[in-house]
1. Do you know which of the residues in the stretch 224-240 that are surrounded by 14 or more Cβ atoms within 10 Å (Cβ to Cβ) and outside any helix (DSSP H, G or I) is farthest from the chain's Cα centre (by Cα)?
2. For the stretch 39-50, indicate whether the set of residues that are within 30 Å of residue 182 (Cα to Cα), in contact with a strand residue (DSSP E or B) (Cβ under 8 Å, 6 or more places away or on another chain) and either surrounded by 15 or more Cβ atoms within 10 Å (Cβ to Cβ) or at pLDDT below 85 (or both) is non-empty.
3. Provide a single number: the residues in the stretch 185-210 that are out of contact with any helix residue (DSSP H, G or I) (no Cβ under 7 Å at 6 or more places or on another chain), surrounded by fewer than 17 Cβ atoms within 10 Å (Cβ to Cβ) and assigned to a helix (DSSP H, G or I).
4. Please specify each residue of the stretch 90-116 satisfying the condition of being more than 24 Å from residue 138 (Cβ to Cβ) and either out of contact with any strand residue (DSSP E or B) (no Cβ under 7 Å at 6 or more places or on another chain) or at pLDDT below 85 (or both).
5. Checking residue 117 against (1) assigned to a strand (DSSP E or B); (2) farther than 17 Å from residue 73 by Cβ, only one condition comes out false. Which one?
């Protein structure tokens, strides 16, 4: 942990003079950036809920309560939970922001066909020259928006978002199993990296390792403090874990 605290002030959009002070070098869990991990409601045009059935779970980003994940990867992978939506496509966006959290530029936008596949989905930022690598010291905002409302309603109600901040990679190579590496990444607030490692473990797991990988997913989902979102946690985790194979398609 860095002991030199360099302070900068970030102006919260829509809150006028309200200020958020972030200590650069503080652990990510000590920061709190504005964001939305889950959609505002659990019913509506976007969510499919048959008569007499439970309402669908909400769209949800896999980020901690701070809304921020660090990463050592210049092209990280982003993760969210997709419920059963009326629209079968979501739009992923990645923006660079300035020190006031104002959008500087749109770096990447991609429609993602989800269909009716309920579970954890991911998007790998492409390393093909179409997107510049994420830079250490730059803050980025990412979002997922279902295409089932008009643009104004989507932005207001249905967009979920998080933040990612690249940091320098550690000087020593990661060691241990993929699950152990994921645990170390999460403990360092590198949540996107942790879930990427768990995805790799899921898709490469031999039958003898599947139970350990599943247990690791349970543990990491528990560490996101999703109780604050007031979603049906047991049902969310059951559906997320049951459909991990979606990540390998």
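The values are calculated or read from the model by the stated rules, or taken from the named source; none is laboratory data. Quick caveat: nothing in here was measured; it's all calculated off a predicted structure. As a convention, Cβ positions derive from the backbone with ideal geometry for all residues, glycine included, and neighbour counts pool all protein chains shown.
1. So the residue we want is 232.
2. yes
3. Looking only at that region, the number is 6.
4. Of everything in the stretch 90-116, those that are more than 24 Å from residue 138 (Cβ to Cβ) and either out of contact with any strand residue (DSSP E or B) (no Cβ under 7 Å at 6 or more places or on another chain) or at pLDDT below 85 (or both) turn out to be 115, 116.
5. Of the numbered conditions (1) assigned to a strand (DSSP E or B); (2) farther than 17 Å from residue 73 by Cβ, the odd one out for residue 117 is (1).
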